[in-house]
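Structure first, then comments.
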Amino acid sequence: MRERIVVDTNVLFSFFKRESTTRRLIICISTFSTIYAPEYLLEELRRYSELIQKKAGISEEEFNRILDRLKKYILFVEYPSYEDWIDVAMDITPDPKDVDFVALALKFDAILWSNDKALKEIGGIKVMSTGEIISMYPDCLGFSVE
């Protein structure tokens with residue numbers, strides 16, 4: 001069975017770093033699993049593009065190229081398709097900023113890939129850190145991203 005994984009904002013921010021382990025993992029994992037994120041996250045990445053560019057040491061052109069590439073590996077889901085899960089997610093999520101990610105994880109019975117320790121306390125979904133994702137997909141570290 002194909003794993004289903006929901007990625008949060010900070011995981012995707014890491015996709016833009018040069019020699020990114022996160023990028024390597026996402027590209028590799030997407031070959032045999034489905035990776036989801038809320039569609040609004042694309043706008044959030046654009047909103048923080050200058051900060052991402054500065055932290056990743058990339059140009060605006062490179063940011064846009066990487067963003068286009070990201071769209072090949074992640075299925076960005078529109079709000080209406082998971083809004084039925086929002087109320088449940090609001091009841092169990094410690095931080096309102098994470099509600100959409102939890103709702104998507106609930107909808108797709110997916111793993112939530114997040115390094116936010118508070119999310120580990122949520123019942124009803126499995127939350128895994130990058131380190132745990134690496135342990136789950138150890139062969140992906142040798143995966144070529146270019």
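Please treat every number below as a calculation from the coordinates, not as lab data. Computed from a predicted model, the values in this text were never measured in an experiment. FYI the Cβ positions are ideal-geometry reconstructions off the backbone, even for glycines, and counts take in every protein chain you see.
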Requested in this report: Evaluate the relative contact order of the chain (contact order divided by residue number), counting alpha-carbon pairs under 8 angstrom at least 6 apart; express in whole percent.
Outcome: 32 percent
Report summary line: Note: the stretch 1-119 at 10 °C, 1.306 mPa s; Kirkwood Rh on alpha carbon pairs; Stokes-Einstein D in µm²/s works out to 108 µm²/s
Query raised in the report: Rounded to the nearest 500 deg cm²/dmol, what is the calculated helix-only ellipticity per residue at 222 nm for the chain, with -39500 (n - 2.57) per DSSP H run of length n ≥ 4?
Result: -12500 deg cm²/dmol
**Report entry** Sorted by Cβ density within 10 Å, fewest first, the residues Tyr48, Tyr82
**Finding:** Tyr48, Tyr82
Report task. Mind scanning Lys55/Lys97; Lys72/Lys107; Lys17/Lys97; Lys54/Lys107 and naming the pairs with a C-alpha gap bigger than 27 Å? Result -> Lys54/Lys107
